[in-house]
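Q: Take a look at the following structure, please.
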Amino acid sequence: MQQLRLIGMSSFISLLIWIVADVSMSEKETIKVWISVKAAGADDMHVEKTESNQSTFEVDFTGPKSAIAKLRQSAPLRVEIPITPRASGVYTLKLDSELSSDPNRFPDVIIQEVKPPTMEYRVIRDKTMTMPIEVVHSELEYDTEPIVEPSEVSVTLSEIDLEAIDPESRRIFLDADEHLRTAERGKLLEKVVPLRPVVEGFSVHLDPEYVTLRAQIKEQFRVETLPAVPIRIEASMDIFNAFDVEVRDAGAILTQTINIKAPAEIIERIRAGESKVHGVISLGADDKTNPDEFRFVTPRFSLPTGVTLVGEPELIEFRLVSRKNDKPAVQTESP
């Protein structure tokens, strides 16, 4: 029993000696630490390192061998330093005091030196304001200027960026042509479109991000030549029964070449024969007053909706010729 007590006491003393030796034998180690910053306590604030700053720092630690060994096994170490609310601007962190401020960050060790010793960061506070939407266009032609609804939006951007933007340029631009290049012409259009979250080259956050664009694009007209358009004569039956219509050029066919102006899609339908075009000469009672005399008449043309005639039609010279009674005379015998 006495031997067991001696063995236990010996083990305890050995453990105590080892602990005292570990504590007393301080070790120094240089370990790379990746350091970043984050905003804390303000939704309208964010922080970032300045462009000239590096991310990795060399930190000299001293402490018991076991604590240093744990740090070495965890390398590379990462630390994120919270930045409490403050005004927009550039600030400098003294890293040895910042890294030592939280005792739970590197327990049981002492930070002797950080190289480089400081880190510069920028605080950016956001500003929210209302800006108008300006609708622009350069290629398409519109019956009325295109508009958007709503006509203004809430814009959130950094105070630093806002100060760099001229007050006259604080607006959101929307290019109507960009969204309506393939839209139907001549029809009132309504389309929900996204806004570009940019003001004078600075990225912003918009609320709302989409607006309704209303516009009516002018139809694209085309001038087309139609050859040999047929011309027909309209008259009452008593004229057709009593007269023949004779054109000055006896061998001419009643057709005419005309020029029309219309939207491209309508012209294509005419060329394909889906829509018809013809001319008309209307004869009435006045035309019977001087039969057998040539006169000039302007034909009118029946055109599909949306089509107009370019220039004046050619005059046609004609006359009405009385029809002769072709019945043979009745012969009577003399007594």
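Results for (1) free of Cβ contacts under 8 Å to residues at least 60 places away in the same chain; (2) of a type in the set (S, T, N, Q); (3) assigned to a strand (DSSP E or B), shown as yes or no for each residue.
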residue	(1), (2), (3)
THR30	yes, yes, yes
LYS38	yes, no, yes
ASP43	yes, no, no
VAL47	no, no, yes
GLU51	yes, no, no
ALA67	yes, no, no
LYS70	yes, no, no
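Q: Another question, then. Which of the residues belonging to the stretch 146-157 are touching a residue at least 40 places away in the same chain (Cβ under 8 Å), outside any loop (DSSP other than H, G, I, E, B) and either touching a Lys or Arg at 6+ places or on another chain (Cβ under 7 Å) or surrounded by fewer than 17 Cβ atoms within 10 Å (Cβ to Cβ) (or both)?
A: PRO146, ILE147, GLU149, SER154, THR156, LEU157
Q: Name the residues in the stretch 253-308 that are surrounded by 11 or more Cβ atoms within 10 Å (Cβ to Cβ) and over 56 Å from the mean Cα position of the chain (by Cα), would you?
A: Matches in the stretch 253-308: LEU283, ASP287, LYS288, ASN290, PRO291, PHE294, ARG295.
Q: Further, regarding this structure: Would you say GLU168 is closer than 26 Å to ALA264 by Cβ and among the acidic types (Asp, Glu)?
A: So GLU168 fails the test.
Q: I need every pair where a residue in the stretch 80-109 that is outside the structural domain of LYS70 (by TED's automatic domain parsing) has its Cβ under 9 Å from the Cβ of a residue that is in a strand (DSSP E or B), sequence separation at least 6 or different chains.
A: So the pair list comes out empty.
The values are calculated or read from the model by the stated rules, or taken from the named source; none is laboratory data. This one's a predicted model, so the numbers in the text were calculated from it and none came from an experiment. Cβ: placed from backbone, ideal geometry, glycine included. Neighbour counts: every protein chain shown.
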